[in-house]
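Notes to accompany the following structure.
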Amino acid sequence: MSAVIVEHITKTFNKGKIKALDNVSFSVQEGELFGLIGPDGAGKTSLFRILTTLWLADSGKAEVKGLDVVQDYKAIRKRIGYMPGKFSLYQDLTVEENLSFFATLFNTTIRENYDLVKDIYVQLEPFKDRKAGKLSGGMKQKLALCCALIHKPDVLFLDEPTTGVDPVSRKEFWEMLRRLQSRITIIVSTPYMDEATLCDRIALMQDGRIMQLDTPEGIVRSFNDTLLSIRGNDMFGLIGAIRALPEISGCYAFGESLHVRFPADAWTETGLRSALEQFSGLVIEPITPGIEDCFMALIEPHAAH
Amino acid sequence: MQHTEQVIQAVNLTKRFGEFTAVDHINFTVHQGEVFGFLGANGAGKTTAMKMLIGISTPTEGSATVAGFDIATQSESVKQRIGYMSQKFSLYEDIPVMENIRFFGGIYGLRSKELKTKAAALLETLEMGSHAKTLVRDLPLGWKQKLAFSLAIIHEPKIVFLDEPTGGVDPITRRKFWELIYAAAARGITVFVTTHYMDEAEYCNRISIMVDGRIAAMDTPANLKTQFQSTSIDAIFTQLARGAQRSGD
């Protein structure tokens, strides 16, 4: 059964001038960890606001646990947890007061559902009397997750929970999600492409549309171009020189090397090597694309500016 | 690069808030034209250190010079020779592009004739000529970032400080932003940058990694990988940051 079904959802602003969501359709299975991957402005937050019954779509239809987001909004609100991108807990209440407030709102107690939040809450317990506003970024995020979980929702919506968080805290957050996932359906959005591989399935989004939807492996498999890693002593010069070559579809820095994409067989390694012979220390290696390479290949035609 | 002018020199730079030592005796030097990556987990002390370097917070102990001036006693001279851009604050959203350019050019002390030429050149380079009258809030995020960076260096500072400049944009826009950084460095502008993207750390000439207010590692990305016998900066960062005693902002 599908936990979430989205059919042809469109949402516009400014009298139709801005299309936040453009005919978006997908479904999420029970127990799935589903990722919406894309930059700011892709439409991730709009989608969350519609699915959590906070906004109305211009057109289209959506269901959460078989309930309609417009007709059955009250019933949906009882069964979902939502962690917005912006920290939305009460800054003047302590850690414990926030959690018990959210439990009470849903007619439950911390004790009743403690097993679901236990793993996360034990890390917060030493600070339970601290005001939420005085917590560090990583701790705020853990408290927000606890508050979104305390009523044992069937579906959890997490809007960019790791934005602005350092890489180590991001990894810890994802480990928590993976542990929760066996018990709950999770839809999570992120601008960090490296987090995509931690999801069961992902939708790559840009400008209000889903460009591709598949498992992370499936998305990588559908990458049809050839991808090479190239490095040399003058990386900045190398970028310009490679982009000036014919039939190069993309050339961008990836850590210590450049990822160079072109239609299969447009270039051979030897051919490239001689075209770039003025550069010293040249290392050219074929590589398997990551999700970020796939995302960039999908948006390249639109990336004019 | 080792023989060029030193643009930042920090000696035992320290900041305490009551009992808490946010920045704990850090020492480093940044050379002219260098792209220096300043990494650390949330709460490691990066922002506090950066605030001292840009002259808006006074060290409790130790000292630093930026662009040849002492950050504690000559902070106004420091401020005239640096540029600053952060993700949180960079441009005024409610006024048009052109007015932002004039405002920033003005506070950086550009004369009106100079400013006119610079503004025109800037709009042309950024391909934003048709958007001079557009409110900044109506620009795509990637354009805002490029504009904010260009304005942070409109007065050709010795050094520009970038505090997580690339958050939230798509991977191509993020890389194009780094190409602007390279171009500025090639013109001799020193770049001091913080980021949570570990692949961006690799684009820096040198990086430092802060843990608990101290600099736990500092070198070129290649040397750090040799030193830590690791294939990525991400792995080194994780190893060092997991050893941290404190957490938080």
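The values are calculated or read from the model by the stated rules, or taken from the named source; none is laboratory data. This structure is a prediction, so every number in the text was calculated from the model and none was measured. Ideal geometry is used to build each Cβ from the backbone, glycine not excepted, and the neighbour counts take in all protein chains shown. Calculation scope for accessible area: heavy atoms of the full protein, side chains included, ligands and nucleic acids excluded. Shrake-Rupley method; radii C 1.70, N 1.55, O 1.52, S 1.80 Å.
Just a few scattered comments:
- Here the accessible area is traced with a 1.4 Å probe on the protein chains. For the stretch B:145-208, carbon and sulfur cover 51 percent of it.
- Cleavage-rule hits, GluC sites (Glu not before Pro), the stretch B:75-158, DSSP coil, Cβ neighbours within 10 Å at most 14: B:GLU93, B:GLU127
- Most positive-pole-ward Cα, B:ILE233, B:GLY18, B:THR125, against dipole of chain B from beta carbon charges: B:THR125
- Dipole magnitude for chain B: computed about the Cα centre from +1 point charges on Lys and Arg Cβ and -1 point charges on Asp and Glu Cβ, it is near 380 debye.
- B:SER57 accessible area, 1.4 Å probe, all protein chains in place, Å² to nearest 10: 20
- Calculated mean residue ellipticity at 222 nm for the protein assembly as shown: -9500 deg cm²/dmol, from DSSP H runs with n ≥ 4 weighted as -39500 (n - 2.57), summed, divided by the residue count and rounded to 500.
- Most mobile listed residue (B:VAL30, B:VAL211, B:VAL11) in chain B, GNM with C-alpha springs under 10 Å: B:VAL11
- C-alpha long axis of helix A:167-180 to longest principal axis of chain A, angle in °: 60
- Within a Gaussian network of chain B (alpha carbon springs, distance under 10 Å), most fluctuating of B:SER86, B:SER112, B:SER77: B:SER112
- Residues A:MET176 and B:GLU5, FRET efficiency given R0 of 51 Å [Cβ-Cβ distance, rounded to 0.05]: 0.60
- Set A:LYS19/A:LYS44; A:LYS140/A:LYS171; A:LYS140/B:LYS15; A:LYS65/A:LYS86; A:LYS142/A:LYS171; B:LYS88/B:LYS146 screened for pairs whose C-alpha atoms are more than 18 Å apart: A:LYS140/B:LYS15; A:LYS65/A:LYS86
- Cα long-axis angle, helix A:114-124 against chain A (0 to 90 degrees, to the nearest 10): 70
- Here the stretch A:97-211 has 47 percent of its accessible surface on carbon and sulfur atoms, given a 1.4 Å probe and all protein chains in place.
- Interface area, B with A, accessible, probe 1.4 Å, both sides summed, Å² nearest 100: 2800
- Counting, for every residue in B:31-44, the Cβ atoms of other protein chains within 10 Å of its Cβ and taking the mean gives 2.
- Per residue of peptide A:136-142, the mean number of Cβ atoms on other chains within 10 Å of the residue Cβ is 4.
- Cβ-Cβ FRET estimate between B:ARG137 and A:ASP265, R0 fixed at 41 Å, reported to 0.05: 0.35
- Of A:ALA275, A:ALA42, A:ALA148, the one that fluctuates the most in a GNM where chain A has Cα springs shorter than 10 Å: A:ALA275
- For A:LYS61, the shell of other residues with beta-carbons less than 14 Å away shows a net charge of -4, using +1 for Lys and Arg and -1 for Asp and Glu.
- Extreme residue, positive dipole direction of chain A, given options A:THR53, A:LEU36, A:VAL220 (C-beta unit charges): A:THR53
- In a DSSP loop and with at most 14 other Cβ atoms within 10 Å, the trypsin sites (Lys or Arg not before Pro) in the stretch A:100-134 are A:ARG111, A:LYS128.
- For B:LYS113, a cut-off of 21 angstrom between C-alpha atoms picks up these lysines, skipping any fewer than 8 places away in its own chain: B:LYS133.
- Each peptide in A:48-58, A:277-287, A:13-23 receives the mean, over its residues, of other Cβ atoms within 10 Å, and ordering these scores from highest gives A:48-58, A:13-23, A:277-287.
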